[in-house]
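Written below as structure tokens is the structure these notes are about.
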Amino acid sequence: MMNKFELLERTKMFSTSIVILVDAFPKTIVGYELGKQIIRSGCSVGANYRASCRAKSDADFSYKISVVLEEADETLFWLELLEEAKIIEEHKLKIIKEENTALVKIFAATLKTVRAKSRKS
């Protein structure tokens with residue numbers, strides 16, 4: 001089981017990977033526009049997870065984790081689009097997509113657990 005500090009570092013590393021990926025995008029209108037979208041959602045995963053660690057209540061934590069999950073899922077959408085539109089080669093996206101998918105699963109499970117806990121209270 002990963003602790004809060006390990007997940008803070010993991011989400012920051014994911015954001016860093018997004019920045020490095022976007023820096024290699026083609027210098028075209030599509031590259032710039034998709035780059036802006038994926039920077040916003042991908043870097044938001046780490047920033048919003050960090051905010052969730054400062055939640056003031058279980059309800060606040062649940063809300064903030066739902067935002068993290070939404071941003072992680074949106075990022076996965078952009079990564080899939082990059083691959084399907086052949087803007088970035090599949091092999092260059094493989095590792096970051098795997099990490100993104102893992103983060104989506106982690107935050108979906110976290111949200112499910114928090115919601116179940118709040119229903120019991």
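Here, each number is a calculation from the coordinates, and none is a lab measurement. Everything quoted here is computed from the prediction, not taken from an experiment. In this analysis, Cβ positions are derived from the backbone assuming ideal geometry, glycine residues included, and neighbour counts consider all displayed protein chains.
The modelled label-to-label distance between Ile87 and Glu6, using points 7 Å beyond Cα along the C-beta direction, is 3.4 nm.
The ranking of Val67, Val30, Val114 from fewest to most other beta carbons within 10 Å of each one's beta carbon is Val30, Val67, Val114. When only alpha carbons are used to place a centre, region 53-73 and region 9-47 end up 21 Å from one another. Which one, Gly46, Ile29, Ala109, is farthest towards the positive end of the dipole of region 19-121 when Lys and Arg carry +1 and Asp and Glu -1 on their Cβ? About the Cα centre, the residue reaching furthest to the positive side is Ala109. Within the shell of other residues whose beta carbon sits under 11 angstrom from the beta carbon of Ala24, the net charge comes to 0, with Lys and Arg scored +1 and Asp and Glu -1.
What FRET efficiency comes out for the pair Thr101/Ile20, r = Cβ-Cβ distance, R0 = 25 Å, nearest 0.05? For Thr101 and Ile20, the calculated efficiency is 0.85.
Work out how much length Phe77 to Lys36 would gain on full extension: take 0.36 nm times their residue separation and subtract the Cα-Cα distance, in nm to one decimal.
Details: separation 41, 0.36 × 41 = 14.76 nm, distance 1.38 nm.
Taking Phe77 through Lys36 to full extension adds about 13.4 nm, to one decimal.
The fewest-to-most ranking of Met1, Met13 by surrounding Cβ atoms within 10 Å reads Met1, Met13. Given the options Thr11, Thr28, Thr110, state which has the largest fluctuation in a GNM of the chain using a 10 Å cut-off (strictly under) for Cα springs. Its mean-square fluctuation being the largest, the pick is Thr28.
Each of Asp58, Asp73 has some number of other Cβ atoms within 10 Å of its Cβ, and from fewest to most they run Asp58, Asp73.
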